[in-house]
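Take this structure, written in structure tokens, and hold onto it; I'll ask about it next.
The values are calculated or read from the model by the stated rules, or taken from the named source; none is laboratory data. If you're wondering where the values come from, they're calculated on a predicted model, not measured in any experiment. When we count neighbours, we look across all protein chains shown, and the Cβ atoms used for this are built from the backbone with ideal geometry, even at glycine. What goes into the accessible areas is simple: the full protein's heavy atoms, side chains included, and nothing from ligands, DNA or RNA. Shrake-Rupley method; radii C 1.70, N 1.55, O 1.52, S 1.80 Å.
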Amino acid sequence: MASSYTLSFIPLTVVVPRRSASSSSPSSLIPPPSLIGKKLLVKQPSRRRFFVSKHRFLTSASTVFSVPTAQPENGSSDKIPKWSARAIKSLAMGELEARKLKYPTTGTEAILMGILVEGTSTAAKFLRGNGITLFKVRDEIIKLLGKSDMYFFSPEHPPLTEPARKAVDWAVDQKKKSGVDGELTAAYLLLGVWSQKDSAGRQILESLGFNEDKAKQVTESMNEDVDLSFKKQGQ
């Protein structure tokens, strides 16, 4: 059975321009495009605080994303592997891509798109290096699954399909079995998609030339990822 725990990102501070006295329209408080599609908790200061600054007031917003994880056998949370920021973003971007296509669920094909949209992980670079790009994957998805009704609106958080949940559980389980310290990377998600033989994600990978030999190459670096730390790069 799958369970979930919640990861909270660092609270964001959003600068919202002050409304003019003559305008009462709520459109002046529309959040910036970078936050569209996220759950936002926005609190507007009271009128008494509104006049503290002549030009602007600050609004706090926080984003929460729930990551599915396999339930540890002994029920201990210390067995749950830590997810890398890239793996979390890949799953979140997959959910967003499913919404863009107006699909009601987030499938293995959406996770695959999410890895490519995130773009900086070792898994994403391997896919692009082998000619598997976001545009090609999106085209294959439409060929395989078709387009959604233009009047259909996907849920804010399309739930994972059964194959997608199994792919995530496979990734978590394999990380625990590896016995290697470190984070669960996007490579685990990619191999999790590949592990679901009848899934849309697997079929799309096969149609674009991904095979068992390439999966083995990904396995060799599944516990590694690109290090963007300037401190480490300078050593």
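Please go through segment 89-119 and give me each residue that is open to solvent by 20 Å² or more (accessible area, probe 1.4 Å) and of a type in the set (A, V, I, L, M, F, W, C), ordered by number.
93, 96, 101, 117
Residue 189 is checked against (1) within 15 Å of the chain's Cα centre (by Cα); (2) modelled with pLDDT under 95; (3) not hydroxyl-bearing (Ser, Thr, Tyr) and fails just one. What number does that condition carry?
(2)
Now a separate question. Would you be able to tell me the number of residues in segment 104-114 that are of a type in the set (Val, Ile, Thr) and under 13 Å from residue 135 (Cα atoms)?
Count: 0.
Only residues that are touching a residue at least 12 places away in the same chain (Cβ under 8 Å) and of a type in the set (Gly, Ala, Ser): list them for segment 88-121, please.
Once the filter is applied, which keeps residues that are touching a residue at least 12 places away in the same chain (Cβ under 8 Å) and of a type in the set (Gly, Ala, Ser), segment 88-121 yields 90, 92, 94, 98, 107, 110, 114, 121.
Let me ask something else about it. State all residues of segment 108-135 that are closer than 21 Å to residue 211 by Cα and either among the polar types (S, T, N, Q) or in contact with a strand residue (DSSP E or B) (Cβ under 8 Å, 6 or more places away or on another chain) (or both); if no residue qualifies, say none.
Within segment 108-135, 108, 121, 122, 130, 133 qualify.
Okay, next question. I'd like the residue in segment 144-158 that is under 20 Å from residue 202 (Cβ atoms) and either charged (D, E, K, R) or part of a loop (DSSP other than H, G, I, E, B) (or both) and, out of all such residues, is nearest to the chain's Cα centre (by Cα).
Step by step, filter segment 144-158, then rank; the result is 158.
Among 141, 132, which is the only one that is under 19 Å from the mean Cα position of the chain (by Cα) and outside any loop (DSSP other than H, G, I, E, B)?
Exactly one of 141, 132 is under 19 Å from the mean Cα position of the chain (by Cα) and outside any loop (DSSP other than H, G, I, E, B), namely 141.
Read through the list (1) open to solvent by 40 Å² or more (accessible area, probe 1.4 Å); (2) assigned to a loop (DSSP other than H, G, I, E, B); (3) not aliphatic (A, V, I, L, M), then give the number of the only condition that residue 163 fails.
(2)
Applying the selection to segment 193-207, what residues are touching a residue at least 40 places away in the same chain (Cβ under 8 Å) and open to solvent by less than 40 Å² (accessible area, probe 1.4 Å)?
Answer for segment 193-207, where residues must be touching a residue at least 40 places away in the same chain (Cβ under 8 Å) and open to solvent by less than 40 Å² (accessible area, probe 1.4 Å): 193, 196, 199, 200, 201, 202, 204, 205.
Open to solvent by 40 Å² or more (accessible area, probe 1.4 Å), modelled with pLDDT under 95, out of contact with any helix residue (DSSP H, G or I) (no Cβ under 8 Å at 6 or more places or on another chain) and acidic (Asp, Glu) - does that describe any residue in segment 215-224?
Among the residues of segment 215-224, at least one is open to solvent by 40 Å² or more (accessible area, probe 1.4 Å), modelled with pLDDT under 95, out of contact with any helix residue (DSSP H, G or I) (no Cβ under 8 Å at 6 or more places or on another chain) and acidic (Asp, Glu), which makes the answer yes.
Same structure, new question: Does residue 125 count as open to solvent by 30 Å² or more (accessible area, probe 1.4 Å), modelled with pLDDT of 95 or more and basic (Lys, Arg)?
Yes; evaluated as a whole, the condition is true for this residue.
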